[in-house]
Amino acid sequence: MAAFHAVRLPATHLPGGISVNQSPSNRNPKTVIRFGYGSSKRNRLVSVLASQGDGNRNENSLSAVEVKKILEDSPLLPKPLSSNQLAETVSNGSRVRVAYQGVRGAYSESAAEKAYPNCEAVPCEEFDTAFEAVERWLVDRAVLPIENSLGGSIHRNYDLLLRHNLHIVGEVKLAVRHCLLANHGVKLEDLRRVLSHPQALAQCENTLTRLGLVREAVDDTAGAAKQIAFEDLSDAAAVASAKAAEIYGLNIVAEDIQDDTDNVTRFLMLAREPIIPGTNRLFKTSIVFSLEEGPGVLFKALAVFALRQINLTKIESRPLRKNPLRASGGLKYFDYLFYVDFEASMADEVAQNALRHLEEFATFLRVLGSYPVDTTML
């Protein structure tokens with residue numbers, strides 16, 4: 001596999017605690033990308049001049065278009081799976097294959113590697129594709145975001161949890177540290193717009209407003225970094241991770257630009273089969289249920305946990321997609337599903353009794369998973 005290195009310039013600091021990288025003024029900045037081909041035991045050096053006005057190109061220098069072509073063909077940047085490519089994917093069986101949404105450098109890739117060290121992380125174009133990849137036995141697990149401490153819930157994945165027959169087997173919390181990435185030679189004052197996922201843009205709202213940058217939403221953070229690099233944009237930056245900067249050869253213009261230092265995303269680990277819940281460590285159970293319309297029905301549902309001293313850590317309501325409205329007493333009401341996380345293992349008799357009680361009056365009840373709590377960020 002080709003080796004890949006990107007040169008990063010030292011960081012200085014902007015007012016407000018934001019770090020900024022600036023190139024020395026007495027020389028033209030360059031991006032140096034090295035591709036090592038293991039079969040030939042030799043390295044090829046590609047120098048790309050990132051500033052205007054430097055005409056000293058040599059026979060080993062390539063244009064930005066040529067570098068883009070090399071990067072696109074690199075085995076380090078596998079193309080994300082789409083739904084119509086799932087049947088073509090094969091596993092060599094040597095490592096756990098873990099699906100995530102996005103491209104290389106995405107925070108989801110880091111979460112997958114934290115959840116399953118030394119795994120083979122498999123990028124997918126859409127959340128749906130990651131679910132399908134697990135169901136079709138093309139990967140062993142999926143690691144997908146479910147909520148962020150600043151941006152809130154990822155509603156799409158709540159809906160997909162109900163649509164697909166996968167089980168939550170764990171969770172992982174990842175501290176998200178956003179960086180402003182641009183091509184080498186591009187300074188902060190050159191920027192006019194910024195590309196990233198809508199959640200990432202929202203998490204950096206105050207900083208981006210202060211910098212006066214026009215926001216443009218794209219599918220994911222690392223995809224924004226890839227676009228900045230491949231299109232050689234000089235007026236735009238991406239909000240993405242430091243890892244994305246290394247992968248796509250970008251300069252980190254500013255670091256830690258999120259509005260709150262406590263920016264954490266919680267990811268779910270999904271599998272085809274549930275794990276056997278235990279009582280030897282802190283467990284969490286996730287369920288989804290629906291109720292009849294009427295006064296106090298939600299209070300009654302939550303009381304089954306309160307009466308047994310079971311702590312709820314999350315409650316999320318989502319309209320029932322197939323039949324969102326229901327008629328009652330001449331009026332129409334939204335029909336809701338309630339997603340609840342509570343601190344108890346399904347191996348505990350008290351949790352089993354709580355769900356038996358809830359099942360007596362719930363119109364629908366499903367256990368999504370009972371799994372160990374990730375305490376690394378607590």
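The values are calculated or read from the model by the stated rules, or taken from the named source; none is laboratory data. None of the values given here were measured: they were computed from a predicted structure. Reconstructed Cβ throughout: ideal geometry from the backbone, glycine too, with neighbour counts over all protein chains shown. The area values use the complete protein model at the heavy-atom level, side chains included, leaving out ligands, DNA and RNA. Shrake-Rupley method; radii C 1.70, N 1.55, O 1.52, S 1.80 Å.
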Can you confirm whether Ala121 is modelled with pLDDT of 95 or more, buried (at least 18 other Cβ atoms within 10 Å of the Cβ) and in a helix (DSSP H, G or I)?
no
Output for Cβ contacts, cut-off 9 Å, separation at least six or different chains, first residue without any contact (Cβ under 8 Å) to a residue 40 or more places away in the chain and open to solvent by 10 Å² or more (accessible area, probe 1.4 Å) in region 351-375, second part of a strand (DSSP E or B) and not aliphatic (A, V, I, L, M), reads Glu359/Phe289
Within region 103-118, residues outside any helix (DSSP H, G or I) and buried (at least 20 other Cβ atoms within 10 Å of the Cβ) come out as Val103, Arg104, Gly105, Ala106, Tyr116
Expected single match for touching a Ser or Thr at 6+ places or on another chain (Cβ under 8 Å) and of a type outside the set (D, E, K, R) among Val218, Val214 is Val218
Of (1) out of contact with any His (no Cβ under 7 Å at 6 or more places or on another chain); (2) open to solvent by 40 Å² or more (accessible area, probe 1.4 Å); (3) more than 24 Å from Leu150 (Cα to Cα), Glu273 fails just (1)
* **Test result for Asp219, part of a loop (DSSP other than H, G, I, E, B), touching a residue at least 40 places away in the same chain (Cβ under 8 Å) and within 27 Å of Phe127 (Cα to Cα)** => yes
query = When you look at Ala344, is it open to solvent by less than 20 Å² (accessible area, probe 1.4 Å), part of a loop (DSSP other than H, G, I, E, B) and either touching a Cys at 6+ places or on another chain (Cβ under 7 Å) or modelled with pLDDT of 95 or more (or both), yes or no?
reply = yes
Per the filter on region 195-214, residues over 22 Å from Glu126 (Cβ atoms) and touching a residue at least 12 places away in the same chain (Cβ under 8 Å) are Cys204, Glu205, Asn206, Thr207, Leu208, Arg210, Leu211, Leu213, Val214
When region 303-330 is checked residue by residue, the ones that are farther than 22 Å from Glu171 by Cβ and at pLDDT 90 or above are Ala303, Val304, Ala306, Leu307, Arg308, Gln309
Taking first residues from region 93-115 that are touching a residue at least 24 places away in the same chain (Cβ under 8 Å) and over 17 Å from Asp128 (Cα atoms) and second residues anywhere that are in a helix (DSSP H, G or I) and among the basic types (Lys, Arg), the pairs with Cβ under 8 Å that are 6 or more apart or on different chains are Gly105/Lys226; Gly105/Lys243; Ser110/Lys243
Condition set among the acidic types (Asp, Glu) and open to solvent by 20 Å² or more (accessible area, probe 1.4 Å), scope region 138-165, selection farthest from Val98 (Cα to Cα): answer is Glu147
Within region 250-270, does at least one residue satisfy the condition of being part of a strand (DSSP E or B), open to solvent by 60 Å² or more (accessible area, probe 1.4 Å) and not basic (Lys, Arg)?
no
In region 276-308, anything under 30 Å from Glu109 (Cβ atoms) and surrounded by fewer than 16 Cβ atoms within 10 Å (Cβ to Cβ) is listed as Ile276, Gly278, Arg281, Leu282
Of the residues in region 170-216 that are farther than 30 Å from Val143 by Cβ and not in a loop (DSSP other than H, G, I, E, B), the one that is most open to solvent (accessible area, probe 1.4 Å) is Arg210
